[in-house]
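Peer 1: A single structure is presented below for examination.
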Amino acid sequence: QKEVEQNSGPLSVPEGAIASLNCTYSDRGSQSFFWYRQYSGKSPELIMFIYSNGDKEDGRFTAQLNKASQYVSLLIRDSQPSDSATYLCAVTVGGATNKLIFGTGTLLAVQP
Amino acid sequence: GAVVSQHPSRVICKSGTSVKIECRSLDFQATTMFWYRQFPKKSLMLMATSNEGSKATYEQGVEKDKFLINHASLTLSTLTVTSAHPEDSSFYICSAMTSGYTDTQYFGPGTRLTVL
């Protein structure tokens with residue numbers, strides 16, 4: 001069974017700190033990796049996607065991918081209270097599909 | 001860009017009735033749309049994948065006769081929950097993807113269905 005695992009949290013960080021969110025996946029055929037943010041009662045909002053090993057930066061967000069270790073992470077610099085949400089890791093199913101498998105999400109709480 | 005809408009945002013219905021949810025891509029053509037459901041404090045579970053002009057592909061365990069999906073155009077897909085029961089109460093979310101080099105899915109705002 002293809003799986004995506006995340007620590008459910010809550011991950012509590014003080015305002016201004018770096019939040020580090022981690023995700024592991026089981027399908028070695030996965031090619032695309034996404035981070036979504038979901039506020040309570042709302043639908044997911046795309047933050048970043050990453051396809052290649054290494055780091056990808058976008059503003060305060062950095063996604064890191066290590067396919068050999070089947071590991072993807074998201075760093076949020078200068079965390080703000082408005083970043084408090086559930087962060088969902090999603091990976092594509094290996095093979096010729098565009099389906100995504102989602103992790104259960106990590107709840108991030110940024111303390112003012 | 002990449003805006004997806006859903007209608008209605010919230011619906012309450014009686015057990016046994018059918019409910020139709022619309023998903024529209026507003027500023028791009030969506031060759032593929034996906035339907036998910038999410039229970040409280042759970043992750044998104046894919047229900048089905050729909051491609052414009054063809055039959056939807058349902059995930060294992062999802063009843064295709066209960067959850068009717070139609071993708072009649074490149075900007076519209078509908079999900080009809082037939083003969084709804086209280087256990088169908090959930091948050092239904094669609095996403096849309098355009099063809100091209102990226103396989104990014106953009107999500108609609110979701111529809112909260114409550115079946116009494």
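Peer 1: Considering only the range B:76-93, how many residues are crowded, with 21+ Cβ neighbours inside 10 Å and within 9 Å of chain A (Cβ to nearest Cβ)?
Peer 2: Qualifying residue count, the range B:76-93: 1.
Peer 1: Have a look at B:PHE34, B:PHE107, B:PHE28, B:PHE91 and point out the one that is aromatic (Phe, Trp, Tyr) and farther than 24 Å from A:GLY103 by Cβ.
Peer 2: One residue alone meets the criteria, B:PHE28.
Peer 1: Since A:VAL91 meets every condition but one in (1) surrounded by fewer than 19 Cβ atoms within 10 Å (Cβ to Cβ); (2) of a type in the set (Val, Ile, Thr); (3) within 12 Å of chain B (Cβ to nearest Cβ), which condition does it not meet?
Peer 2: Checking A:VAL91 against (1) surrounded by fewer than 19 Cβ atoms within 10 Å (Cβ to Cβ); (2) of a type in the set (Val, Ile, Thr); (3) within 12 Å of chain B (Cβ to nearest Cβ), the one that fails is (1).
Peer 1: Could you pull out the residue among A:LYS56, A:LYS2 that is in a strand (DSSP E or B) and surrounded by fewer than 18 Cβ atoms within 10 Å (Cβ to Cβ)?
Peer 2: Answer to the selection: A:LYS56.
Peer 1: Also: For the range B:1-83, which strands (runs of 3 or more DSSP E) that fit wholly inside it have 2 or more residues that are more than 27 Å from A:VAL91 (Cβ to Cβ)?
Peer 2: B:10-13, B:19-25, B:67-73, B:76-81
Peer 1: On to the next question. Residues that are surrounded by 15 or more Cβ atoms within 10 Å (Cβ to Cβ), among the small types (Gly, Ala, Ser) and at the interface with chain A (Cβ under 10 Å from one of its Cβ atoms): does the range B:56-75 have at least one?
Peer 2: Looking through the range B:56-75, none of the residues is surrounded by 15 or more Cβ atoms within 10 Å (Cβ to Cβ), among the small types (Gly, Ala, Ser) and at the interface with chain A (Cβ under 10 Å from one of its Cβ atoms).
Peer 1: List the number of the failed condition for A:PHE34; all other conditions in (1) of a type in the set (A, V, I, L, M, F, W, C); (2) over 18 Å from A:GLN80 (Cβ atoms); (3) more than 10 Å from chain B (Cβ to nearest Cβ) hold.
Peer 2: Condition (3) is where A:PHE34 drops out.
Peer 1: Something else: What number of residues within the range B:65-98 are touching a Phe, Trp or Tyr at 6+ places or on another chain (Cβ under 8 Å) and under 25 Å from B:LEU116 (Cβ atoms)?
Peer 2: Matching residues across the range B:65-98 total 11.
Peer 1: I'd like the full set of residues that are touching a Ser or Thr at 6+ places or on another chain (Cβ under 9 Å), closer than 19 Å to B:ALA96 by Cα and either in contact (Cβ under 8 Å) with a residue 12 or more places away in the chain or assigned to a strand (DSSP E or B) (or both), limited to the range A:37-53.
Peer 2: A:ARG37, A:GLN38, A:PRO44, A:LEU46, A:MET48, A:PHE49, A:ILE50
Peer 1: What are the pairs, 6+ residues apart or on separate chains, where a residue within the range B:16-43 that is basic (Lys, Arg) has its Cβ under 6 Å from a residue that is not in a loop (DSSP other than H, G, I, E, B)?
Peer 2: B:LYS20/B:THR78; B:LYS20/B:THR80; B:ARG24/B:SER5; B:ARG24/B:LEU76; B:ARG37/B:MET45; B:ARG37/B:MET47; B:ARG37/B:SER90; B:ARG37/B:TYR92
Peer 1: Here's a follow-up. Might you let me know whether the range B:57-78 holds any residue that is of a type outside the set (Ser, Thr, Tyr), under 29 Å from A:SER32 (Cβ atoms), at pLDDT 95 or above and in contact with a Cys (Cβ under 7 Å, 6 or more places away or on another chain)?
Peer 2: no
Peer 1: Run A:LEU21 past the list (1) surrounded by 14 or more Cβ atoms within 10 Å (Cβ to Cβ); (2) more than 20 Å from B:LYS41 (Cβ to Cβ); (3) within 15 Å of the chain's Cα centre (by Cα); (4) not charged (D, E, K, R) and report the number of the one that doesn't hold.
Peer 2: Result: A:LEU21 fails condition (2) only.
Peer 1: Determine which member of the set B:LEU116, B:LEU46, B:LEU76 is over 13 Å from the mean Cα position of the chain (by Cα) and aliphatic (A, V, I, L, M).
Peer 2: Result of the check over B:LEU116, B:LEU46, B:LEU76: B:LEU116.
Peer 1: Here is a follow-up. From the list B:MET33, B:MET47, pick out the single residue that is of a type in the set (A, V, I, L, M), in contact with a Lys or Arg (Cβ under 7 Å, 6 or more places away or on another chain) and surrounded by 22 or more Cβ atoms within 10 Å (Cβ to Cβ).
Peer 2: B:MET47
The values are calculated or read from the model by the stated rules, or taken from the named source; none is laboratory data. None of the values given here were measured: they were computed from a predicted structure. Heads up, the Cβs are rebuilt from the backbone with ideal geometry, glycines too, and the neighbour counts pull from every protein chain shown.
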